Amino acid sequence: MRFWSEALDYRPLREPEEDWAILVPREGKGPQLALKLVSSEAHNHTRHHLDLYATDQAAEVERLLRLGAEQVDWRYEQGADYVVLADPDGNRFCVVQKDG
């Protein structure tokens with residue numbers, strides 16, 4: 001929860017339960033994100049996949065790495081506009097270069 005709150009600039013909607021939290025934007029409107037603690041390991045079972053879009057992909061990747069994300073060894077196709085990372089629980093996500 002801490003990683004995704006910082007990564008998205010979100011906050012808990014209310015006091016999180018031990019295994020459940022709903023995150024909302026700190027300011028303004030935007031989609032809610034519900035997180036549920038599960039017992040399966042991320043490397044055995046894909047639990048979710050988010051694509052984050054950034055106008056400065058390199059800076060966003062560095063920021064997410066400082067928050068606890070990890071680089072994923074990935075075979076990128078030529079011209080790929082995304083970087084694959086994993087959150088602290090091992091869930092993979094992409095940072096996509098957004099045009100303009």
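Could you look through segment 6-21, keep only residues that are surrounded by 17 or more Cβ atoms within 10 Å (Cβ to Cβ) and in contact with a strand residue (DSSP E or B) (Cβ under 6 Å, 6 or more places away or on another chain), and pick out the one that is modelled with the lowest pLDDT? Explain how you work it out, then say what you get.
In the first step, residues of segment 6-21 are kept if they are surrounded by 17 or more Cβ atoms within 10 Å (Cβ to Cβ); the result is 7-8, 10, 21.
Among the residues that remain, those that are also in contact with a strand residue (DSSP E or B) (Cβ under 6 Å, 6 or more places away or on another chain) are: 10, 21.
Numbers: Y10: 95, A21: 88.
Going through the qualifying residues, I end up with A21.
Please indicate, with yes or no, whether at least one residue in segment 45-54 is in contact with a helix residue (DSSP H, G or I) (Cβ under 6 Å, 6 or more places away or on another chain) and buried (at least 16 other Cβ atoms within 10 Å of the Cβ). Checked segment 45-54: at least one residue is in contact with a helix residue (DSSP H, G or I) (Cβ under 6 Å, 6 or more places away or on another chain) and buried (at least 16 other Cβ atoms within 10 Å of the Cβ). Once segment 32-47 is narrowed to residues that are modelled with pLDDT under 80, in contact with a strand residue (DSSP E or B) (Cβ under 8 Å, 6 or more places away or on another chain) and in a loop (DSSP other than H, G, I, E, B), the residue that is nearest to Y82 (Cα to Cα) is T46. For segment 14-31, residues that are part of a loop (DSSP other than H, G, I, E, B) and out of contact with any Leu (no Cβ under 7 Å at 6 or more places or on another chain) total 11.
The values are calculated or read from the model by the stated rules, or taken from the named source; none is laboratory data. Keep in mind it's a predicted model, so treat the numbers as computed, not measured. All Cβ positions, even for glycine, are placed from backbone atoms using ideal geometry, and neighbour counts span all protein chains on display.
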